[in-house]
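This report refers to the structure that appears directly beneath it.
Derivation of every value follows stated rules applied to the coordinates shown; laboratory data play no part. None of the values given here were measured: they were computed from a predicted structure. We place every Cβ from the backbone using ideal geometry, glycine too, and count neighbours over all the protein chains shown.
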Amino acid sequence: MSPNPGQLGLLTASVIFFAVGGVLSLLRVFRHKPGLRLPAKICAYVGIAMALAVLVWHGRIRGSWYPLEDNFDALIWLGVLLALFVQYVQRQRPLGGLDWFIMPVVILLLVAAGVFGQISPREYIDSTWSIVHRVSSYGGAVAFAVAGATGTMYLIHNRRLRRKTVRPELDFGSLERLERISMVSVTLGFALLSIGLITGIAEVIHLGQYTSLGINRMTQPKVLLAFAVWLIYALVLHTPINPRMRGRRAATLSILGFVLMIGALVAVQFMPGGTR
Amino acid sequence: MQRLLLMGLNHATAPLEVREKLAFSTTQRRCALRGIREKFPGAEAVILSTCNRVELYISRPTHDLPRPEQMVDFIGRFHQVHPDQFSPHLYHKANVEAVAHLFNVASSLDSMILGETQILGQVREAYDLARSEQSAGLVLHPLFQRAIAVGKQVMTQTTIAEGQLSVASVAVDYARRIFEQFSDKTILSIGAGKMATLVLRHFAQLSPRRLLVCNRDLRKAEELARRFGGASAAFEQLAQHLVEADIVVCATGATEPIISVELFEPLRKLRRYRPIFMIDIAMPRDIDPRVGELEHVYLYNIDDLQQVVRQTQSQRNGSLEAARRIVEAEVNSFGQWHRAREMGPLIERLYAHHHQMAQEELRRTLNKMPELNESQIAHFEDLARRVVNKLLHDPVQRLRGGQMPHGLQQTYVHAMEKLFNLDSPSTPKQEDDAAGPSAT
């Protein structure tokens, strides 16, 4: 179901709050204004609350509380989960700069929800395979977003350390921690993506290899990109066996995987025959 | 009259590559001081050599040797480095400028890390060494004693050293930017000297899994390791230790790099490409700079760390200004004291000369007045003495207490000697070097 103007307005307000929170966070560091920490945090929480309100409103109008029933719903969930992850990490053991890398992705996802959710609403298919497929695929995407963000942070931090241009106010934590978060995210994302791929294949078997328009479901860009992402993260997970891969290479691959994952998500929107 | 000369280079004027070529070890300093004494018997000398600076302080009679170019030549010959390679980085100061420089150095105002206290110990060590070699004399003794006192005064009377960042603390901070936890890390110290001890003291607080101290002198290594709850390691098995280590602190007195790229490159595979943080605080450097270009290696030398310290250092309070005021006052005070001391013999000669003249004239007059009794003669003698004292009072006061520059002071001294025909105790040997670049 397409979102109504009120939901879109609320979503826009949520995006604005996230954006203002991000700007305040940057100002806090670069203008040395520690007092901006609280307003930035409040903005992020208000943004999350508004996005959740949109989900509730949308679910209520739809008459169903199942998540990920359409693009609008799915992309907002993705954004909210990422935003919650950032807030969780920053509350437990702050990692400087994490929000700068993940919040833009959150904003992009919410904007995408507004754009794609409105233009191309998806039909919900009530099958267990489909639910598992969607949950695991989107869950994997959240994990890969985190891996991509921490991978980027790793590369920047590593470059600064090697060039000896570390700025005290830009504390990205330690390389070891970034690497660990990245590896945990990749491991989790890889497991979820694997489940997503298996359930996707099962769904293809269940529905038949060709769509009603005669398109081969297995060679669709979304599927091919998802396989590429899976392969890339399989390589990243290979790091403990082949330590030569660790560090910069693993971080670069994590970013590449995330970019392809975004590609897969975008490809879904333009695929003929819906999400499947 | 004595002339004080300073020839040197520091972190601001010379890159690490130049400084390490000219650095003096303790043994080399002893040797150099003896060399100066043999070559220039009239000169006093102190050599201050730290990782940030190499400075040669010379005091000698105004017309004596060495001249500045001879000092440059001496440094070059000693290290077998052609002067062209380092002379563009040198600074040359004389007299008051040299005094001010030394006081600034001892107060850490000339340090890369403002407020660092280590330099005071290094100045004291340089002075002690010169004293033990008997190369510090009438000028350099009081000068260095006063410099140490000024350094102490600045450290205690200002807040300059408070909340101070040190190379060691910055190294630990950088280690934290690379590693998250240290309970599974091995720290290896190569060298067991003062600098290694200083850095290890900070790293030991991270509670690493293992702390190894590797030194050619195993006894020293054991001693240091025991102090921080670590273990000593054989220097011969350095490669093996490098495989195990996550953090390496290098601070030996070796003149050639201990860890070359050829040694370390093959070890990376054995290390399973684990990141390694290498801190090279030795002078000359212990680690080939090319090692730092290898993947997973984070190599920081003394300049890198000090640069960070300087960048992050707070110069927010007025302590810097207060420290400068102390130094300035002390330079003036030392200048006056020194001038008075230098003028002493001249003024003595001046008075003696004039009193002698007055006495001679008085005797001549008294010879023509035989009717005078003893009391009257005493009155005349007193008169003559008072006239001489009155006449000399103003010029002497001006010579003693004035704020005149050293060059002008010398001119006055020469003028006095010539005008009043006073015998100078020093015999001119060479043309004055007052035309030197920083002569005052």
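What residues qualify as long-range amide H neighbours of A:E69, i.e. H under 5 Å apart, gap of 5 or more or another chain, H built at 1.01 Å from N?
A:A74
Hey, how much of the P(r) for the range A:163-227 falls beyond 19 Å, as a percent of Cα pairs?
For the range A:163-227, the share of Cα pairs beyond 19 Å comes to 56 percent.
Near B:K39, within a Cβ-to-Cβ distance under 11 Å, what is the net charge of the other residues, with Lys and Arg +1 and Asp and Glu -1?
For residues surrounding B:K39, the net value is +1.
Regarding the range B:74-143, what's the average projected area of the Cα-atom convex hull, expressed in nm²?
Answer in nm², one decimal: 5.8.
Once you put a point 7 Å from the Cα of A:R244 and another 7 Å from the Cα of A:R60, both along the Cβ direction, what distance in nm separates them?
Calculated label separation equals 6.0 nm.
So what does log10 I(q)/I(0) come out to for the range B:1-89 at q = 0.12, 0.14, 0.16 Å⁻¹, using the Debye formula with one equal point on every Cα and no solvent?
Taking Cα atoms of the range B:1-89 as identical point scatterers yields -0.33, -0.45, -0.58.
Once R0 is set to 30 Å, what does the formula 1/(1 + (r/R0)^6) return for the Cβ-Cβ distance between B:D84 and A:R160, expressed as a FRET efficiency to the nearest 0.05?
About 0.25, to the nearest 0.05.
Over the range A:1-121, what portion of Cα pair distances is larger than 27 Å, expressed as a whole percent?
Result for the distance tail: 19 percent.
Any idea what angle helix B:194-204 forms with the longest principal axis of chain B, computed on alpha-carbon atoms, 0 to 90 degrees, nearest 10?
Taking the Cα atoms of chain B, the angle to B:194-204 is about 40 degrees.
In terms of Cα to Cα distance under 14 Å, which aspartates and glutamates are near enough to B:K368, apart from those fewer than 8 places away along the same chain?
Here the aspartates and glutamates satisfying the reach criterion relative to B:K368 are B:E360.
Could you pull out every whole DSSP H run in chain A that spans at least 30 Å of Cα extent along its own axis and averages 0.5 or higher on the Kyte-Doolittle scale?
Qualifying helices, which must be both long enough and hydrophobic enough, are A:5-30, A:37-62, A:71-92, A:98-119, A:175-207, A:248-270.
Can you pull the mean other chain C-beta count within 10 Å for peptide A:240-248? Walk me through the numbers before you get to the answer.
Details: counts 1, 0, 2, 7, 6, 1, 6, 5, 2.
Average per residue, whole number: 3.
For the protein assembly as shown, take the convex hull of the Cα atoms, compute a quarter of its surface area, and give me that in nm², please.
It is 43.6 nm².
In whole percent, what relative contact order does the range B:340-401 give with Cα contacts below 8 Å and a gap of six or more residues?
55
Just need the relative contact order of chain A here, percent rounded to a whole number, with Cα pairs under 8 Å and 6+ apart.
The value is 19 percent.
Just the Cα atoms of chain A: what Rg and Dmax do they give in Å?
Calculated on Cα positions, Rg and Dmax stand at 19.3, 60 Å.
What does the helix-only formula give at 222 nm for chain B: each DSSP H stretch with n ≥ 4 adding -39500 (n - 2.57), the total divided by the residues, and the result rounded to the nearest 500 deg cm²/dmol? Write down the numbers at each step before the final one.
On the way: 17 runs with 231 residues, N = 440.
Calculated mean residue ellipticity at 222 nm is -17000 deg cm²/dmol.
Restricting to Cα pairs below 8 Å that are 6+ residues apart, what does the relative contact order work out to for the range A:1-74? Please round to a whole percent.
On the way: 61 pairs, mean separation 27.2, N = 74.
Relative contact order comes out at 37 percent.
Taking the Cα centre of chain B as the origin, how large is its charge dipole in debye, to the nearest 20, when only Lys and Arg (+1) and Asp and Glu (-1) carry charge on their Cβ atoms?
Its charge dipole is roughly 720 debye.
Can you check how the C-alpha radius of gyration of the range B:340-401 compares to 2.2 N^0.38 Å, as a plain ratio?
1.34
Test of understanding: express the Cα radius of gyration of the range B:113-152 as a ratio to 2.2 N^0.38 Å, with N the residue count.
So the range B:113-152 has a normalised radius of gyration of 1.18.
Can you spot the aspartates and glutamates whose alpha carbon is less than 14 Å from A:K41's alpha carbon? Ignore those fewer than 8 places along the same chain.
Cα-Cα hits under 14 Å: A:D99.
Considering only the other residues whose Cβ falls under 14 Å of the Cβ of B:L198, what net charge follows from Lys and Arg at +1 and Asp and Glu at -1?
+2
Pick from B:R60, B:R339, B:R216: which residue has the top mean-square fluctuation in a GNM of chain B where Cα pairs under 10 Å get a spring?
Comparing B:R60, B:R339, B:R216 in a Gaussian network model of chain B, the most mobile one is B:R216.
On a straight-distance basis, which aspartates and glutamates could pair with B:K220 in a cross-link, Cα separation under 14 angstrom, same-chain partners fewer than 8 positions away excluded?
Partners found: none.
Between A:L224 and A:V266, what length in nm is gained on full extension when 0.36 nm per residue of separation is reduced by their alpha carbon distance?
Result: 13.8 nm gained on full extension.
Report the longest stretch of chain A that contains none of the GluC sites (Glu not before Pro) sitting in a DSSP loop with at most 12 other Cβ atoms within 10 Å.
Result for the longest clean stretch: A:1-122.
For the range B:2-163, take every pair of Cα atoms, bin their distances at 5 Å starting from 0, and report each bin as a whole percent.
The calculated distribution, bin by bin, is 2, 9, 20, 23, 22, 15, 6, 3, 1, 0.
Note the per residue figure in Å³ for the convex hull of the C-alpha positions in chain B.
Working: hull volume 75.4 nm³, N = 440.
Cα convex hull per residue, to the nearest whole number: 171 Å³.
May I ask you to sort A:F30, B:F235 by Cβ crowding, counting other Cβ atoms within 10 Å and putting the fewest first?
A:F30, B:F235
What area, in nm² and to one decimal, does the C-alpha convex hull of the range B:167-312 cast on average over all directions?
The orientation-averaged projected area of the Cα hull of the range B:167-312 comes to 7.7 nm².
If you look at just the Cα atoms of the range A:125-276, how large are its Rg and its Dmax in Å?
Using the Cα atoms of the range A:125-276, the pair Rg, Dmax is 17.6, 59 Å.
Using only the alpha-carbon atoms, how far is helix B:26-39 inclined from the longest principal axis of chain B? Give it as 0 to 90 degrees, nearest 10.
30
Which cross-chain or sequence-distant (5 or more) residues have an amide H under 5 Å from the amide H of B:R209, H modelled 1.01 Å from N in plane?
Distant-sequence amide H within range of B:R209: B:D184, B:K185.
B:R219 to B:R290: extension gain in nm, 0.36 nm per residue of separation minus the Cα-Cα distance? Could the numbers behind the result be given before it?
Details: separation 71, 0.36 × 71 = 25.56 nm, distance 3.15 nm.
The span from B:R219 to B:R290 would gain 22.4 nm if fully extended.
Assuming R0 = 35 Å, can you tell me the calculated FRET efficiency for the pair A:F30 and B:S183, based on Cβ-Cβ distance, to the nearest 0.05?
0.50
Which far-off residues, 5 or more places away or on another chain, put their amide H under 5 Å from the one on B:V248, with H placed in the peptide plane?
Close amide H contacts, sequence-distant or interchain: B:L188, B:F277, B:M278, B:I279.
Kindly work out what percent of the DSSP beta bridges joining two residues of the protein assembly as shown are antiparallel, to the nearest 5. Each step should come with its number before you reach the end.
Values: 20 of 43 bridges.
Percent antiparallel among DSSP bridges in the protein assembly as shown is about 45.
In degrees between 0 and 90, to the nearest 10, how far off the longest principal axis of chain B does helix B:218-227 point, with axes built from Cα atoms?
Computed tilt is about 80 degrees.
Please compute the Kirkwood hydrodynamic radius of the range B:242-336 from all pairs of different C-alpha atoms, in Å with one decimal. Don't skip to the end; give the middle numbers.
Values: mean 1/r = 0.0623 Å⁻¹.
Computed over the range B:242-336, the radius equals 16.0 Å.
Rank A:I156, A:I131, A:I102 by mean-square fluctuation in a GNM of chain A with C-alpha springs under 10 angstrom and give only the top-ranked residue.
It is A:I156.
Work out the FRET efficiency for B:R363 and B:R325 from their Cβ-Cβ distance, taking R0 = 45 Å, and round it to the nearest 0.05.
About 0.25, to the nearest 0.05.
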